[in-house]
Each structure stands twice: as C-alpha cells, then as structure tokens.
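Quick notes on the structure that follows.
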Amino acid sequence: MQGLEQQVAVVTGGSRGIGRAVALRLAEAGADVAVVARTVEACAGTVEAIRAMNRRAWAVAADVSQAPSVEAAAETILREAGRVDILVNNAGITRDGLLMRMGEGDWDAVLDTNLKGAFLFTRALARTFLKQRSGRIINITSVIGLMGNAGQANYAASKAGLIGFTKACAREFASRGVTVNAVAPGFIETDMTAVLAPEQKQAILSRVPLGVFGKPEDVAHAVWFLALPESRYITGQVLVVDGGMVM
Ligand code: NAP
C-alpha cells in the first residue's frame, strides 16, 4: 500500500526529468497517470514504464501555454480516465540571459509556460476538483523563485508568481477539501541543468550543505507525500527540496 490506489494523476512535463520521476512515483504508489508533454511521442517512454507497473497511463499532447490546447487535453483526460484526483503542474523551461539583453520573446515564453501554464491547467480541472470535493494540486516552483538569480529574471518571476498562485488557489479551494501546495527544488540533475558550465555547477554545489545535487526522485518523493490523502491538512505551503541550500 502506497496510498494512491484508485486515483488518477495528471503530470505536465511528464516526458522526462522531474516530471517523469513524479509520474513513475505516483504510479508506483498506485495511481493511474496521464502524462502530458508537447508531443505524444515524447510521452511514450514514461507511459510504457507506467503500464509495465500494471497501471493505466495515457500520453496526452498539449502545449501548456496555449489555452485551447490545455482545454482539449483536460477534456481528453477526463473522458479517458473518468476522473482526476491529482494535478502536478511541472512543465517548465528556462531562457536565461542578463536583463539588459533579455528579449521580450524570452520573457513571454518562460512566463507563458511556467506560470500561465499552471493557471490554464488548474482552471481546466478546477470544476472537477470542486465538484468531487477532493483533490491535490501540486505546483513545481524553484528555489530561484524564493531567492532570485542573476540571469534568470524571467524564470525567477515565473516561479515566484507560481508561489503566489499556489497560495491564492489554496485559499480559494480550501472549503472544498482541495489542497494546493508547491514544491521548490534546488539543483536537480536533469536536461534543464545539464547545459550549465562546470564552473557554474561547482559554484552551486559549494552552496549546498548536503554536498550533492538532487535527483528527480528526490522531488518525486515530496510530491508523493503531498498527494497522499493523509496530507489533507497541509495547504498553501512551499516544500523546499534543495539539500539545505535555502534555509
Ligand atoms: P526538463 O528535463 O527540461 O523537462 C521539462 C519538461 O517540461 C519536459 O517534459 C517538457 O516536455 C515539458 N515542457 C516544456 N515546455 C512545455 C510546454 N509548453 N507544454 C508542455 N510541456 C512542456 O526540466 P526539469 O529539470 O525536469 O524541470 C521540471 C520542472 O522543475 C520545471 O518546472 C523546472 O522549472 C522545475 N525545476 C527544475 C530544477 C532543476 O534543477 N532541474 C530546479 C528547480 C525547479 P517536452 O519538451 O517533451 O514537450
């Protein structure tokens, strides 16, 4: 028993990295999972791994920054799965650059994916959660949203915005038994961080008290915890998973 039997989870950005680890962890705990990414092909690996655990899994293509795409995906998921109990807004991108040189396109792409994407998916499934009078919404923010970072004004704004969004939704949905929380990872080894230069990685590592980078599974563990029925009295919180970097 891992606590999520008979439940249906939606994980955006479930094709790789943290989202993939979250999808697998929730499936391991008993949930059926709709895996969302921009193409069905990208979701295939995660879906296959979940089905190998004898859970139901669906590959759903959607661009989280586009309302019609998200609405269509939510409809498909509700039709196929019949219900949704857990939404993990994980899809995210970076377009780093110093502010003076940051193009409007880089600002918009990051805000539209990381912040508006969570708004759109939450809105698309809100009616379902409120009607059910239960649900778990978990937004993947970042320590950068708490402490800022030179060269990431767009990303920091999107992730800080996601924390405000989490708290507003937590208050709005609380009376219906729906909890809304955020998980803020530190430096996690994925495609997103693989592009950093060795000296950048070293500089980050020197600020991590536990002395190692995190793994996607470390974040997945925190998401699983918040998704559990027993976590019903936790809402509007930011759970930091960063090896002690921000404390
Ligand atoms: P990643 O390996 O680059 O994966 C990003 C995921 O997001 C992919 O599944 C990608 O799917 C999906 N995605 C991107 N744009 C999308 C869009 N418009 N519509 C739908 N899906 C989209 O990143 P990661 O490191 O796992 O990061 C996952 C989340 O954790 C992000 O929100 C990130 O900001 C956050 N985070 C990461 C770290 C870290 O150190 N890695 C730290 C703090 C927070 P496709 O490309 O297949 O569409």
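The values are calculated or read from the model by the stated rules, or taken from the named source; none is laboratory data. The structure displayed is predicted, hence computed values, not measured ones. Neighbour counts run over all protein chains shown; Cβ positions are idealised from the backbone, glycine included. These accessible areas exclude ligands, DNA and RNA; they are computed on the full protein's heavy atoms, side chains included. Shrake-Rupley method; radii C 1.70, N 1.55, O 1.52, S 1.80 Å.
Specify which of the listed residues (Ala184, Ala220) is small (Gly, Ala, Ser), surrounded by 19 or more Cβ atoms within 10 Å (Cβ to Cβ) and part of a helix (DSSP H, G or I). Please lay out each step first, then the result.
On the way: Ala184 fails: part of a helix (DSSP H, G or I).
Ala220 is the lone residue from the list that is small (Gly, Ala, Ser), surrounded by 19 or more Cβ atoms within 10 Å (Cβ to Cβ) and part of a helix (DSSP H, G or I).
Being at negative phi, within 13 Å of the ligand (Cβ to nearest atom) and in contact (Cβ under 8 Å) with a residue 12 or more places away in the chain is true for just one of Gly19, Gly13. Which residue is that?
On the way: Gly13 fails: at negative phi.
From the options Gly19, Gly13, the qualifying one is Gly19.
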Task: Lone unmet requirement of (1) within 8 Å of the ligand (Cβ to nearest atom); (2) out of contact with any helix residue (DSSP H, G or I) (no Cβ under 9 Å at 6 or more places or on another chain); (3) not aromatic (Phe, Trp, Tyr) for Gly30 - done: (1)
Open item on the list: I'm trying to understand the selection: among the residues of the range 42-63, which are open to solvent by 50 Å² or more (accessible area, probe 1.4 Å) and either away from the ligand (no atom under 12 Å from the Cβ) or free of Cβ contacts under 8 Å to residues at least 12 places away in the same chain (or both)?
Closed with: Glu48, Arg51, Ala52, Met53, Asn54, Arg55, Arg56
TODO: Please tell me if Thr128 is surrounded by fewer than 23 Cβ atoms within 10 Å (Cβ to Cβ), at pLDDT 95 or above and assigned to a loop (DSSP other than H, G, I, E, B).
DONE: no
Open item on the list: Show the residue pairs meeting these rules: Cβ distance below 6 Å; 6+ apart or different chains; first residue within the range 92-107 and assigned to a loop (DSSP other than H, G, I, E, B); second residue surrounded by fewer than 16 Cβ atoms within 10 Å (Cβ to Cβ).
Closed with: Asp96/Gly151; Leu98/Gly151
- [ ] For the range 223-247, name all the residues that are of a type outside the set (Gly, Ala, Ser) and in a loop (DSSP other than H, G, I, E, B).
- [x] Leu228, Arg232, Tyr233, Ile234, Thr235, Gln237, Asp242, Met245, Val246, Met247
Open item on the list: The conditions are (1) within 16 Å of the ligand (Cβ to nearest atom); (2) open to solvent by 50 Å² or more (accessible area, probe 1.4 Å), and Arg232 fails exactly one of them. Which is it?
Closed with: (1)
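Considering each of Ala126, Ala118 in turn, give the residue that is within 28 Å of Arg176 (Cβ to Cβ), within 13 Å of the ligand (Cβ to nearest atom) and among the small types (Gly, Ala, Ser).
On the way: Ala126 fails: within 13 Å of the ligand (Cβ to nearest atom).
Only one candidate qualifies: Ala118.
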Open item on the list: Quick check on Ala157: is it in contact (Cβ under 8 Å) with a residue 12 or more places away in the chain, outside any helix (DSSP H, G or I) and either closer than 20 Å to Asp242 by Cα or more than 13 Å from the ligand (Cβ to nearest atom) (or both)?
Closed with: no
Open item on the list: Restricting to the range 64-105, name every residue that is open to solvent by 50 Å² or more (accessible area, probe 1.4 Å) and among the charged types (D, E, K, R).
Closed with: Glu71, Glu75, Arg79, Glu80, Arg83, Arg95, Asp96, Arg101, Glu104
- [ ] Working only within the range 119-154, note down all residues that are in contact (Cβ under 8 Å) with a residue 12 or more places away in the chain, over 18 Å from Ala34 (Cα atoms) and among the charged types (D, E, K, R).
- [x] Arg133
